[in-house]
Amino acid sequence: MDKVTQDRIKLLHPKVRDEVSKIVNEANNLLTKHSQIRIVQGLRTIEEQNDLYAQGRTKQGKKVTNAKGGSSFHNYGLAVDFCLLIDDKEISWNMAKDYDEDGKADWTEVVEVFKKYGWEWGGNWSSIKDYPHFQKTFGYTWQKLLDKYNKSDFISGTKYVNI
């Protein structure tokens with residue numbers, strides 16, 4: 001597992017950190033040759049989410065999200081976005097490439113591991129497809145998590161909501 005991925009996992013909600021590490025290691029063991037997982041996004045604060053939401057609306061740039069602050073599982077450290085890191089230097093979003101030549105697209109192998117652990121995949125969503133995205137909801141909606149956040153229902157000494 002590369003250092004960038006390790007650092008991003010450390011910022012996730014404490015309830016998912018170990019599991020995400022286990023998933024990344026398991027998927028990387030399947031990929032075996034040339035590619036591994038890079039977590040490109042994990043925790044994103046509500047403020048950062050609002051800043052992204054403003055892009056292409058009230059700020060310069062292209063729209064990158066339809067989620068306002070508080071409405072993304074990233075805001076609670078319960079979501080990750082990934083890509084494939086090829087030969088420790090190139091980033092790939094190619095969902096069809098079989099870098100390890102085992103007859104199955106590497107992207108699909110990663111998706112299967114996350115799903116095995118009960119993570120919701122953005123590629124299964126009916127409205128907007130978000131293929132690099134996984135989230136663990138623990139049965140919560142973002143509205144319930146935002147309510148907990150607004151009530152400061154946090155793990156003691158942190159800004160992670162109690163779940």
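Pull up the range 121-142, narrow it to residues that are free of Cβ contacts under 8 Å to residues at least 40 places away in the same chain and among the hydrophobic types (A, V, I, L, M, F, W, C), then point me to the one that is surrounded by the fewest Cβ atoms within 10 Å (Cβ to Cβ).
TRP125
Scan the range 143-163 residue by residue and report those that are surrounded by fewer than 11 Cβ atoms within 10 Å (Cβ to Cβ) and among the charged types (D, E, K, R).
Selection gives LYS151 alone.
Okay, residues lined up against (1) within 19 Å of VAL20 (Cβ to Cβ); (2) among the small types (Gly, Ala, Ser):
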position: HIS74; (1), (2): yes, no
position: LEU85; (1), (2): yes, no
position: ALA96; (1), (2): no, yes
position: ALA105; (1), (2): no, yes
position: VAL113; (1), (2): yes, no
position: TYR117; (1), (2): yes, no
position: GLY122; (1), (2): yes, yes
position: THR137; (1), (2): yes, no
position: SER152; (1), (2): no, yes
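Taking the range 75-96 on its own, how many of its residues are surrounded by 16 or more Cβ atoms within 10 Å (Cβ to Cβ), in contact (Cβ under 8 Å) with a residue 60 or more places away in the chain and not hydroxyl-bearing (Ser, Thr, Tyr)?
5
For a quick check of your reading of the model, give me the residue pairs whose first member lies in the range 16-35 and is in contact (Cβ under 8 Å) with a residue 40 or more places away in the chain and of a type in the set (A, V, I, L, M), whose second is surrounded by fewer than 16 Cβ atoms within 10 Å (Cβ to Cβ) and assigned to a helix (DSSP H, G or I), with beta-carbon atoms closer than 9 Å and at least 6 apart or on different chains.
Pairs found: ILE23/LYS116; ALA27/GLU112; LEU30/GLU112.
Within the range 108-148, work out how many residues are in a helix (DSSP H, G or I), touching a Phe, Trp or Tyr at 6+ places or on another chain (Cβ under 7 Å) and of a type outside the set (Gly, Ala, Ser).
So the count comes out to 6.
Look through TYR117, TYR99 and report the one residue that is crowded, with 18+ Cβ neighbours inside 10 Å and touching a helix residue (DSSP H, G or I) at 6+ places or on another chain (Cβ under 9 Å).
So the residue among TYR117, TYR99 that is crowded, with 18+ Cβ neighbours inside 10 Å and touching a helix residue (DSSP H, G or I) at 6+ places or on another chain (Cβ under 9 Å) is TYR99.
Yes or no: SER71 closer than 19 Å to ASN28 by Cα and of a type in the set (Gly, Ala, Ser)?
Judged against the criteria, SER71 is not a match.
Assess whether ILE9 counts as being in a helix (DSSP H, G or I), touching a Lys or Arg at 6+ places or on another chain (Cβ under 8 Å), hydrophobic (A, V, I, L, M, F, W, C) and at pLDDT 95 or above.
Yes: the conditions hold for ILE9.
Just give me the residues in the range 53-65 being surrounded by fewer than 20 Cβ atoms within 10 Å (Cβ to Cβ) and either more than 16 Å from the chain's Cα centre (by Cα) or not in a loop (DSSP other than H, G, I, E, B) (or both), in sequence order.
ALA54, GLN55, GLY56, ARG57, THR58, LYS59, GLN60, GLY61, LYS62, LYS63
The values are calculated or read from the model by the stated rules, or taken from the named source; none is laboratory data. Here the structure is a predicted model, which is why all the values come from computation and not from measurement. Don't worry about glycine lacking a Cβ; one is built from the backbone with ideal geometry, like all the others, and counts go over all protein chains shown.
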